[in-house]
Amino acid sequence: MTKAVYVNLSHCIACKACELACEREYGEARVRVEVVLNGAGGGVGVPVSCRQCETPFCALACPENALGREVDGLKFDSGLCSDCGLCVLACPFGAIELKKAGGGSGTSFLNLSGTVVRCELCPGKETPVCVATCPAGALVYTDCESFGKNIRRGKGKKCLKPSPAPL
Amino acid sequence: MNKKPVYLEIDFDKCIGCRACTSSCPNGFIRLSETGRQRTIVFPESCGMDCQACVSACPEDAIRFARAQEYEEVRKNKEKQAERVISGSSEFELCFELVVCRKCKRPFATEKELKRVLEAIDAEISSSEYAWKGLCPSCRRDLLREREARAVLRVRKF
Amino acid sequence: MEERSLHPSICPYCSVGCGFYIELEKGRPVGIRYMPEHPVNEGALCPKGNAALEILTHPERLTHPLRKSEKGWEKLSWNEALDTLAEKIREVRGKAGPEALAFLGSAKCSNEENYLLQKIARMLGTNNVDNCARLCHASTITGLGKTLGAGAMTNPLSDLAHSECIFVVGSNFAENHPPVARRVLQAKDRGASLIVADPRLTPSAWLSDLTLRLRPGTDIALINGLMQVILAEGLEDRVFIRKRTVGIEGLEKALKKYTPKTVSRITGVPAGDIIKAARTFAKAETASVVYSMGITQHVSGTDNVTACADLALLCGHLGKKGAGILPLRGQNNVQGACDMGVLAEFFPGYVKTDRAGNQEWLKKAWGLEKLPEKKGLVATEMVDAVFGGSLKFAYIMGRDPVNSTPNASKLKKALDSLDFLVVQDIFLTDSAKHADLVLPAAAWAEKEGSFTSTERRIQWVERTLVSPGDAKPDLEILIELANRLGLDATYKEAGDVLAEIARTVPAYGGLSKERLKEGCGLIWPCPDALHPGTPILHTESFSTPNGLASFVPVEFLEPAEPPDSDYPFLLITGRTGLHYNAGSMSRRSEALLCREPELYVELNPADAEALALEAGTIIVIETRRGRTEAKARLTQRVDRGVLFMPFHFPGTNLLTADALDRESKIPGFKGSACRIWRR
Ligand code: SF4
Ligand code: SF4
Ligand code: SF4
Ligand code: SF4
Ligand code: SF4
């Protein structure tokens, strides 16, 4: 089972720590948090990052095969990428972008992936930094199946299927 | 004597305006600008560097390097597109009108880019209608957020 | 990767005291690594912790002592600066007496630094020492002091995960102390219920099972109402009350009139919700009360805190795992600064200055003939003392009162009226701009010392890197100054000062640099070298002379500055998740500032419509003390008639009220009547 970062939405406090941590590590944030309000005083923070789709639309659109699905996840080969940006237009979740010239802020020192900005689950790290920093414990690095199980035990929130089902 | 391919020939019908060539050119000879709803890519007439980075970057194979002896042919092709040649210079430009995001109304892609992307997806998955289609990446994130938040928000009413 | 090294440290921002590693490369901070083994935060960091390193390398760091002259700021050598300062102190003291001097400690500096600062002040003969706790939790010290005997958090934060019910009042923990949300959610995952009482629907309220949206300033009525229900339904813990408390009769009598109906009328909270909350809280096996500045920063601050204590006592929710009172404090060392006696009315260890015989022990410890006996001026009284002409010199260490004190324009005038003002800080803050002399200090990771977090955990911070330019650790500056004043400070390093603290403050008795460096700190009271620390207070008896806690009934009074026809809105202030207090640090952090760049005011959409204001309009907010402009945010978070502004940007505290709580002298920041219009 491929692992990914899942979010337990009922726990997210919209603090944006994940966003800042990712930005500090990589120069620009690969996870973006915004609050959604319901007009009745209630709100919830929803982080969005690449969902490591089983059928990744970004890869389908990639003319250079720079993005591709492998057994242990979605891989990106910066050597093949031509910066055409078609993957950006193919992702239903807005989870992949081209890096802007000049880069972001923060104490960045690592740049793993050419110019395409997409969550790569912090390769080389035992725990992704967004997961490690989340003060609310809302982010979990796991596979879909056990995330679903855990959450169900904790009052039945549904698993976010890592596949871009048509919205 | 000079066998080096130096003249750029662009197939204007093939080009989708994706910018791969502009970012691939190590010398910055292919220039990109975006103002309002218009994206403009400016190509030089010739290039002596022969790295052909743009040629291999282009997803549509719209760029061809012509040899010096083919100059006449290239020039004739270009004449058919005279309106694209920047007057007083040998450069020529391609302009694309950008599609605006259905929600935030910001321009974000060319019609041809979007068409190509959706074709690639449709070839694999037989579903043609997507709510996110006309949205820019940022509004797609919002759409996702709204959908995901629904269940949690239902119980957070005060 | 080889040249990279990891150094454990503690977050410099808030009182939670999260641990992390600073990653160094060639002496430069290049990254943060998380510390999952840390008992407080389990590795997690809020946005501010993640951005902490940006402060260290910021180009605006002060690097040289500066003197104000006609030509602007003039660089000085340390010798010149300290000689001038010592000379000035001697001069003012000689001419106007020690009472003309004031020393403001820093809840951002270490225990050792604060201890030495107040010692210098007191050796010079004045009790005019205070710290910013006066502005945030002075009422906790008075309120919990008179009920439980100790003005501190009773249980560690991790205990919250074991509460069956958590009652939060006046605290937006999800934004301001995010790791607290972690514990609260852990408790909720175990089935606990969360009750949040707040006038604003904050992200903390979003997590709650029951939200009590009370009218600002009616906290006492609400808590009295809860207690009334508990007593009326016989849900109180009789055994606990009989064995461990006194004064229940008085409370019972005082509560009679706070029926759900009356309370509902005062607070605007439905009677049914009051009853539900009371039952849930009282019936839980273990329950905690969490509060913060929404309780303390009122003219009734002490009474508000007292009511919280009464509530916990009534149900016996004290002295065991998962049951206690948790005042969430502000600064990373505000608890420590108070413990060290950087308070006008207390010597180190909360020994009252003006009680006969209390000086003897300290005279012996410090080898002195005389100590000032009279209670000193508290920070909030100093302003008037300047205008009265009795206060002439102020030493401000690591603090920005211009942006953190209510009625800021009056304060600025006071700073300018001083004969001499010295400010010691890491940046040229808005307060430092008013100074005659500015001393560049080392930031937290550039010096060593101990810090006491909100849960009374004393942790050692190591010196990891060098300061920019000539900037120096505050402790070194103080030692050199003390020696110039002939006060004979023989300490070689922070460890020596801690050893003296251990001899002077009983709760710190068992501490030493070596012990603190070993693990993740110790929780006071830790009276001797073998003592493991005391995570939970009041398990057997309370810290009062007879060991019993007292019920102290408090009455609800209408807020000091109710809205009227001239000033129809009520302004409340608070924090946002991305900034910190006066903002002198967080507003210099690009990652934080770009996400929350400017001052805003939250306003109910219905009010906005009535005044024809749209989202994003710049509106003018005016109170009886000043006016400020801010961008309007329309949101259901605030009720009609209520405005909310964060206090991290200059401007907010031009508006706030400076009326004081009579016991703790904390200003009533929360609740200023105001009016608004489109700019
Ligand atoms: S979320 Fe977007 S970027 Fe990530 S795999 Fe799916 S389509 Fe690709
Ligand atoms: S930008 Fe790179 S990864 Fe994305 S579609 Fe183009 S070639 Fe593929
Ligand atoms: S897993 Fe790593 S790269 Fe992906 S969003 Fe989290 S921090 Fe960023
Ligand atoms: S760090 Fe956690 S709680 Fe904060 S915004 Fe990200 S997911 Fe939400
Ligand atoms: S909660 Fe407080 S101590 Fe922890 S990282 Fe945030 S600001 Fe720092």
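The values are calculated or read from the model by the stated rules, or taken from the named source; none is laboratory data. All values reported here derive from a predicted model rather than from experimental measurement. Neighbour counts run over all protein chains shown; Cβ positions are idealised from the backbone, glycine included. Only protein heavy atoms, including side chains, enter the accessible area calculation; ligands, DNA and RNA are left aside. Shrake-Rupley method; radii C 1.70, N 1.55, O 1.52, S 1.80 Å.
In terms of its C-alpha gyration tensor, the range C:133-263 comes out rounded, because the ratio a/c of the largest to the smallest axis stays below 1.5. Ligands, DNA and RNA aside, C:Asp384 has an accessible area near 90 Å² when probed at 1.4 Å. Using alpha carbon coordinates only, what is the Rg to Rh ratio of chain B, with Rh defined as the Kirkwood radius? So for chain B, dividing Rg by the Kirkwood Rh gives 1.13. Taken along the Cα-to-beta-carbon direction at a fixed 7 Å, the label points for C:Glu87 and C:Glu614 span 6.2 nm. Summed over both chains, the area buried between A and B is near 3500 Å², taken from the accessible surface of protein heavy atoms with a 1.4 Å probe.
If you roll a 1.4 Å probe over chain B with all protein chains in place, what percent of the accessible area is carbon or sulfur? Walk me through the intermediate numbers first.
Numbers: 4280 of 8660 Å².
Of all accessible area on chain B, carbon and sulfur atoms account for 49 percent.
Working note: Debye formula, equal point scatterers on the alpha-carbon atoms of the range C:5-57, no solvent; log10 I(q)/I(0) at q = 0.15, 0.20, 0.28 Å⁻¹ is -0.35, -0.62, -1.15.
Computed from the alpha carbon positions, the gyration tensor of the range B:6-98 leads to an equivalent ellipsoid with semi-axes of 19, 16, 12 Å, biggest first. Three principal axis extents describe the C-alpha atoms of the range A:1-56; from largest down they are 37, 28, 17 Å.
Between C:Lys375 and B:Leu94, the distance separating the two model label sites (each 7 Å from Cα on the Cα→Cβ line) works out to 8.1 nm.
Entry note: the range C:569-678 has Rg to Rh equal to 0.98, where both radii use alpha-carbon atoms and Rh is the Kirkwood radius.
For the range C:39-57, a drop of 50 Å² or more in accessible area on going from the chain alone to the assembled protein chains (1.4 Å probe) is found at C:Pro47, C:Asn50.
With all protein chains kept in place, the per residue accessible area of the range C:161-265 amounts to 33 square angstrom at a probe of 1.4 angstrom. Could you tell me whether the range B:100-156 comes out rounded, prolate or oblate from its Cα gyration tensor? Rule is a ≥ b ≥ c as square roots of the eigenvalues, rounded for a/c under 1.5, then prolate if a/b exceeds b/c, otherwise oblate. In terms of gyration-tensor shape, oblate. Counting only other chain Cβ atoms within 10 Å of each residue's Cβ, the peptide B:118-124 averages 4. Solvent-accessible surface, computed for protein heavy atoms with a probe of 1.4 Å, shrinks by 40 Å² or more for the following residues of the range B:137-152 when the other protein chains are added to the isolated chain: B:Pro137, B:Arg140, B:Arg141, B:Leu144, B:Arg145, B:Arg147, B:Glu148, B:Val152. For the protein assembly as shown, taking the reciprocal of the average inverse distance between every pair of different Cα atoms yields a Kirkwood hydrodynamic radius of 30.9 Å. Once you have a ≥ b ≥ c as the square roots of the Cα gyration tensor eigenvalues for the range C:238-308, tell me rounded if a/c is under 1.5, and otherwise prolate or oblate according to whether a/b is larger than b/c. Note, shape of the range C:238-308 comes out rounded. Legend: P(r) of the range C:308-379 from all alpha carbon pair distances, 5 Å bins from 0, whole percents, reading 3, 14, 16, 16, 14, 14, 12, 7, 3, 1.
Just to make sure I understand: if all protein chains stay in place, what is the order of C:Asp237, B:Asp13 by accessible area at 1.4 Å, largest first?
Working: C:Asp237 50, B:Asp13 125 Å².
Accessible-area ranking of C:Asp237, B:Asp13, largest first: B:Asp13, C:Asp237.
Distance between the 7 Å Cα→Cβ label points at A:Thr55 and C:Lys283: 5.0 nm. How big is the Cα convex hull of chain C in projection, averaged over all directions, in nm²? The number I arrive at for chain C is 28.9 nm². Per-peptide packing, taken as the mean over residues of other Cβ atoms within 10 Å, places C:99-111, C:178-190 in the sequence C:99-111, C:178-190 from highest down.
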